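Here is the structure we will look at, set down as structure tokens.
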Amino acid sequence: MLFALIVMTITGIIVVWMGILIWKKEKISLIHSYHYTRVKENNVKAYTEQMGKGVTIIGSGMILSGIIDYATKNSYGWIVFVVCFVLGFVHIIKAQKKYNGRIF
């Protein structure tokens, strides 16, 4: 369980950091180029905000998953991870459809 805590926390911190860079610093280059080819210049701020929030939600779920699994000595943390992953993924898909016009 300690190994899972370490791996999930470190990976989650990296994913949250990437989400913050996309969201706050508008680092659209952290997203693969074919995902934003149709995003208009005036929509880049809103697009990166929504994408960054989605990535941050996923990363937060990873961190919480490791902590909960370690604290409770069972796999309840994975429930949190799945919920956060689905919420973040839906957030990303909505942003893709709204600003890019399609998922890919």
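The values are calculated or read from the model by the stated rules, or taken from the named source; none is laboratory data. The structure displayed is predicted, hence computed values, not measured ones. Heads up, the Cβs are rebuilt from the backbone with ideal geometry, glycines too, and the neighbour counts pull from every protein chain shown.
Give just the number: which of (1) over 24 Å from Lys97 (Cα atoms); (2) among the polar types (S, T, N, Q); (3) at pLDDT 95 or above does Ser60 not satisfy?
Just one mismatch for Ser60, condition (1).
Residue check, Tyr34 against (1) within 17 Å of the chain's Cα centre (by Cα); (2) assigned to a helix (DSSP H, G or I); (3) not β-branched (Val, Ile, Thr), all met but one. Which one?
It is condition (1) that Tyr34 fails.
Across the stretch 27-60, which residue is farthest from Ile10 (Cα to Cα) among those that are hydroxyl-bearing (Ser, Thr, Tyr) and without any contact (Cβ under 8 Å) to a residue 40 or more places away in the chain?
Looking at the filtered set, the residue picked out is Ser33.
Would you mind telling me which numbered condition in (1) assigned to a helix (DSSP H, G or I); (2) under 30 Å from Glu41 (Cα atoms); (3) over 12 Å from the mean Cα position of the chain (by Cα) Gly77 fails?
Of the numbered conditions (1) assigned to a helix (DSSP H, G or I); (2) under 30 Å from Glu41 (Cα atoms); (3) over 12 Å from the mean Cα position of the chain (by Cα), the odd one out for Gly77 is (2).
Looking for something among the small types (Gly, Ala, Ser) and under 29 Å from Phe3 (Cα atoms) - is there at least one such residue anywhere in the stretch 75-84?
Scanning the stretch 75-84, I find at least one residue that is among the small types (Gly, Ala, Ser) and under 29 Å from Phe3 (Cα atoms), so the answer is yes.
Would you please name the residue that is farthest from Ile28 (Cα to Cα), looking only at residues in the stretch 50-104 that are among the charged types (D, E, K, R) and surrounded by 16 or more Cβ atoms within 10 Å (Cβ to Cβ)?
Asp69
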